[in-house]
Amino acid sequence: MNKPQYTPPTDVKSVLNLLKRPKTAIVTGGMPYANGPLHLGHMAGAIIPPDIMARYMRMLIGKQNVLFVSGNDDHGSTSEASAFKAGIPVREFIDQIHDKQVQTVTRYSISYDIFSGTSQPDCYPTHKEVCQDFMQRLWDNKMLEKKITKQWYDPKISRFLQDRNVTGKCPNPNCANTSAYSDSCEVCGTQYDPSELINPKSSLSDATPELRDTAHLWLDMWKVSDQLTDWIKTKQNKWRKGVFNEVFETVQPAFQFDNTHEPAFKEMRTTLPKHKSRYAPGKKVVVQFENLNDYATGKKALEDKGIACEALDGWAHRSITRDVTWGIPVPEGIDPEMKGKTLYVWPDSLIAPISFTRVALAKQGRDPKEWERFWKDPEARIFQFLGQDNVYFYVLMQGAMWIGVRGSDTQDYTMTDVYSVFHLMVNGEKMSKSTGNYYTGDQLTEEMGYHPDQLRYFLSTLSLAEKQSNFDFETFKERNKFLAGPLNAAIEKPIAAVHSKFGGVVPNGKLLEKAEKETMKIVQMYVKNMEKADHITLLGQIENYARLINSFFVQYKPHDDRHDETERADGLYSCFYILKNLMIMLHPFVPETMDKVRVSLNLPESIFSIDELGQAIPAGHAIGQKGQYFPAVEGSSEE
């Protein structure tokens, strides 16, 4: 049977008709700890990009079908230790931080349907229920294993310590760092067994900690690596390259052997299942297979030849419980040794958006069971934004958990789409409180006087999706000059001209061919790039599209009575056509400013819809008065 022939779109409407629209969308971002203010890195990676996506999704499928959920990552040692050092109860400490973060996200027009916290009273009962259901199902499905390991214990305050609560001299003889963490050094990058740390000290009491046995539950992701591989394969040309390459390379089963056996391996490799091999540090050869069955076949073949093979499965075994009192308790029926243990903060935070969804729906007075429409419908989409260093957790750990809780009595959870960003630098250097090269979101608005939309726009023009990017104040100021100059001019000129020369109503003109062609091109790019959350190139093209208004004023002179009246009417009609499209496309990026434009154009809030693109403001429509849009900046000009 022949496939129907593809017909290229000929206008904006046909472009929009080709769009694949999910039934529902959940949007969320990496959750900030409740241990301090939101800084520029938070805003650039896990707060503003998902807000842009949430606003776009509402334009695409309607706000009743979209939920933007997040909150504080309250549980675990970070919040507990910070409160301990501050000398106040954990609940009081977290609430103080949470209230300040709520003020920040409100100031930046972050359109959460809910911003709660995993320990907040409105969320905790639901979150506990969801987390314990996950733990029980993982246990029942043989995805969890109990293991005894050694962990640092502070005898002075009678508690086990998490990795970052123990510091000491790095065991690497070539490193002088005396503040290395329990199992890794951030200075030289060495990872080691906690017992190798030299002169360990508890950061909570300054006592010398002891290594003691403790029992925990470990997630076995190796069991579902084939399912993870099959899912990740489907994302090869959809996810950001860095995300896909990292997880696909990790998840494929592999083993290593000493390179002294390489000649024997080369002789037999044609008889092995499909595989890849590479050299690795320590004079090792790594062999990687596409699935567990091929891996087992290949490993047995080498071992039958007397070649000792070491499984590279460290990524696949992770403890999911901790000796921390501040957290979700392990269900009582799992194992008596788990009494007093709580869920590790990472799986806790991966599950949290489901809990937030249920709470958000309840607060909106909707059917509590509706959460399944968002999380379990095959035509639902889940968008998660996070830092590149957290991809392992959001793809492999979360994916294994979603697969691992499957059962005949429940519908499967929808697998998520992950959007990662690299670290944000400031003035060319890593952000650091100690050196003063560090800015919170509030410092830029409250102390320096910048408008949140200026920050939102500039952060969206950085290439964080591809590489580390720099927040440079000189570049930021230049961007603000563009907003105050050419972009403000594109908004103000048509509004000023319609009141001075056309009685305040859109003239009865016809759409200029160039306006129609350029709109179709920008709309095609817009829907493609917004789906990928690829903003840097898109905004550059939107800026060029905005400049059309200024060029039409030069060519058709709608503000000049001496020019041909028909041309002036056509020019201004087309300028309002472009301005409306521009307002809709920029709304997810600079919502407060574009809402001011909407008021000036005398249009309803429902105008922020993808299906309004390419729809002209009708002749005779009354235009409101010009307002204040982007803040004035010294040195800005219209071009």
*Decide, for the stretch 290-433, between rounded, prolate and oblate: order the square roots of the alpha carbon gyration tensor eigenvalues as a ≥ b ≥ c, take rounded if a/c falls under 1.5, and otherwise choose prolate if a/b is larger than b/c, else oblate.*
prolate
_Give me a comma-separated list of calculated 3J(HN,Hα) values for the stretch 216-224, in order, Karplus coefficients 6.51, -1.76, 1.60 applied at θ = phi - 60°, integers in Hz, x for any Gly or Pro._
9, 8, 10, 7, 9, 7, 4, 4, 10
*Averaged over every viewing direction, what's the projected area of the C-alpha convex hull for the stretch 168-248? Give it in nm², one decimal, please.*
8.4
*asked:* Given the stretch 340-414, report the % of alpha carbon pairs whose separation exceeds 17 Å.
replied: 53
*Over the alpha carbons of the stretch 179-303, what is the largest minus smallest coordinate on each principal axis, giving the biggest first in Å?*
58, 40, 31
*Quote the accessible area belonging to residue 275 in square angstrom, nearest 10, computed with a 1.4 Å probe and with ligands, DNA and RNA left uncounted.*
40
*Where does helix 473-482 land angle-wise versus the long Cα axis of the chain, in degrees 0 to 90, nearest 10?*
30
*asked:* Probe of 1.4 angstrom, ligands and nucleic acids ignored: what's the accessible area per residue over the chain, in square angstrom?
replied: 45
*Would you kindly calculate the mean projected area, averaged across all directions, of the convex hull enclosing the Cα atoms of the stretch 1-159, in square nanometres?*
16.7
*Compute the acute angle (0 to 90°) between the alpha-carbon long axis of helix 565-586 and the principal axis of greatest extent of the alpha-carbon atoms of the chain; round to the nearest 10°.*
20
*Provide 438, 526, 279 ordered by accessible surface of protein heavy atoms (probe 1.4 Å), highest first.*
279, 438, 526
*Give the cysteines in the chain for which no other Cys Cβ lies under 4.7 Å away, or write none if there are none.*
123, 131, 309, 575
*Return the ratio Rg/(2.2 N^0.38 Å) for the stretch 82-225, where Rg is computed over Cα atoms only.*
1.34
_D_trans [Stokes-Einstein, Kirkwood Rh over alpha-carbon pairs] for the stretch 437-565, 37 °C, 0.692 mPa s, µm² s⁻¹_ = 190
*asked:* Per DSSP helix of 4 or more residues, -39500 (n - 2.57); summed, then divided by the residues of the chain. What does that give at 222 nm, rounded to the nearest 500?
replied: -12000 deg cm²/dmol
*asked:* Tell me the angle of helix 513-532 to the major Cα principal axis of the chain, expressed in degrees between 0 and 90 and rounded to the nearest ten.
replied: 20
_Semi-axis lengths, Å, the stretch 249-293, gyration tensor of Cα atoms, sqrt of 5 times eigenvalues_ = 17, 15, 7
*Decide, for the stretch 405-495, between rounded, prolate and oblate: order the square roots of the alpha carbon gyration tensor eigenvalues as a ≥ b ≥ c, take rounded if a/c falls under 1.5, and otherwise choose prolate if a/b is larger than b/c, else oblate.*
oblate
*Quick one: Debye curve from the alpha-carbon atoms of the stretch 112-158 only, equal weights, vacuum; give me log10 I(q)/I(0) at q = 0.26, 0.29 Å⁻¹ to two decimals.*
-0.87, -0.96
_Gyration tensor over alpha-carbon atoms, the stretch 50-94, equivalent ellipsoid semi-axes in Å_ = 37, 9, 7
_Rg and Dmax in Å for the stretch 487-639, alpha carbons only: what are they?_
14.7, 47
*asked:* Need one number: convex hull volume per residue for the stretch 421-465, Cα atoms only, in Å³.
replied: 81
*How do 285-291, 53-59 rank on mean C-beta neighbours within 10 Å, highest first?*
53-59, 285-291
_Accessible-area value, residue 537, 1.4 Å probe, nucleic acids and ligands omitted, Å²_ = 70
*With viscosity set to 1.002 mPa s and temperature to 20 °C, compute the Stokes-Einstein D of the chain, Rh being the Kirkwood radius across alpha carbon pairs; µm²/s, no decimals.*
78
*Quick one: with all protein chains in place, what share of the accessible area of the stretch 497-639 is carbon or sulfur, to the nearest percent (1.4 Å probe)?*
46
*Take the Cα atoms of the stretch 553-639, build their convex hull, and give its volume per residue in Å³.*
125
_the stretch 467-510-the stretch 175-243 distance, computed between alpha-carbon centres (Å)_ = 49
_Taking θ = phi - 60°, what integer Hz values does the Karplus form 6.51 cos²θ - 1.76 cosθ + 1.60 yield along the stretch 441-455, in sequence order, with x for Gly and Pro?_
x, 6, 4, 5, 8, 7, 8, 9, x, 6, 7, x, 5, 5, 5
*q = 0.16, 0.19, 0.20 Å⁻¹, the stretch 67-133: log10 I(q)/I(0) [Debye, one scatterer per Cα]*: -0.60, -0.80, -0.87
*Just reorder 566, 78 by solvent-accessible area, largest first, 1.4 Å probe, all chains present.*
566, 78
*Kirkwood hydrodynamic radius for the stretch 294-347: how many Å is it when counted over pairs of different Cα atoms?*
14.2
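The values are calculated or read from the model by the stated rules, or taken from the named source; none is laboratory data. All values derive from a computational prediction rather than experimental measurement. When we count neighbours, we look across all protein chains shown, and the Cβ atoms used for this are built from the backbone with ideal geometry, even at glycine. Surface accessibility is based on the protein's heavy atoms, side chains included, excluding ligands, DNA and RNA. Shrake-Rupley method; radii C 1.70, N 1.55, O 1.52, S 1.80 Å.
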